[in-house]
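Presented below is the structure to which this report refers.
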Amino acid sequence: MELLAVLLILGLLVGVSGLALGALRSPRVAKSVRALEAARTKAIRTGNAALVRVDSVAVSFLPDGSSSGGTIVDGVVVVVDPLTGAVHAIR
């Protein structure tokens, strides 16, 4: 009887874990968001400023993580915080 209970619990754990793994995929983001985040990461890692142009808007990222800031409309509204350099997509 105990073996049956253990097998039942293990089966539930495997089932729930399988469902949870599907939710671990990264969310879809606009190309402009990926380009901005990659430029910020590059600036921080290399210690050199990085410049990204999306349409007619240019955003520069500095090695300390800050940026020139800006707002880009590329299917979604993308806001770059000038103080932290964080990229936020607003739907």
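Among Leu83, Leu10, which is assigned to a loop (DSSP other than H, G, I, E, B) and loosely packed, with under 14 Cβ neighbours inside 10 Å?
Sole residue among the options that is assigned to a loop (DSSP other than H, G, I, E, B) and loosely packed, with under 14 Cβ neighbours inside 10 Å: Leu83.
Between Ser32, Ser17, which is under 16 Å from Gly69 (Cα atoms), modelled with pLDDT under 90 and of a type in the set (S, T, N, Q)?
Only one candidate qualifies: Ser32.
Which ones in region 51-78 are touching a helix residue (DSSP H, G or I) at 6+ places or on another chain (Cβ under 7 Å) and in contact (Cβ under 8 Å) with a residue 40 or more places away in the chain?
Once the filter is applied, which keeps residues that are touching a helix residue (DSSP H, G or I) at 6+ places or on another chain (Cβ under 7 Å) and in contact (Cβ under 8 Å) with a residue 40 or more places away in the chain, region 51-78 yields Ile72, Asp74, Val78.
Would you tally the residues in region 79-89 being free of Cβ contacts under 8 Å to residues at least 24 places away in the same chain and either closer than 15 Å to Lys31 by Cβ or in contact with a strand residue (DSSP E or B) (Cβ under 6 Å, 6 or more places away or on another chain) (or both)?
Of the residues in that region, 3 qualify.
I need the full set of residues from region 52-68 which are under 15 Å from Ala89 (Cβ atoms) and assigned to a loop (DSSP other than H, G, I, E, B), in order please.
Passing the criteria: none in range.
For region 1-37, enumerate the residues that are touching a strand residue (DSSP E or B) at 6+ places or on another chain (Cβ under 8 Å) and closer than 16 Å to Asp81 by Cα.
If the condition is that a residue be touching a strand residue (DSSP E or B) at 6+ places or on another chain (Cβ under 8 Å) and closer than 16 Å to Asp81 by Cα, then Ser32, Val33, Ala35, Leu36, Glu37 are the ones that fit.
In region 47-68, is there at least one residue being exposed (fewer than 14 other Cβ atoms within 10 Å of the Cβ) and within 18 Å of the chain's Cα centre (by Cα)?
no
The values are calculated or read from the model by the stated rules, or taken from the named source; none is laboratory data. Nothing here was measured: the structure is a model prediction, and the numbers come from that model. Backbone-built Cβ (ideal geometry, glycine too); neighbour counts: all protein chains shown.
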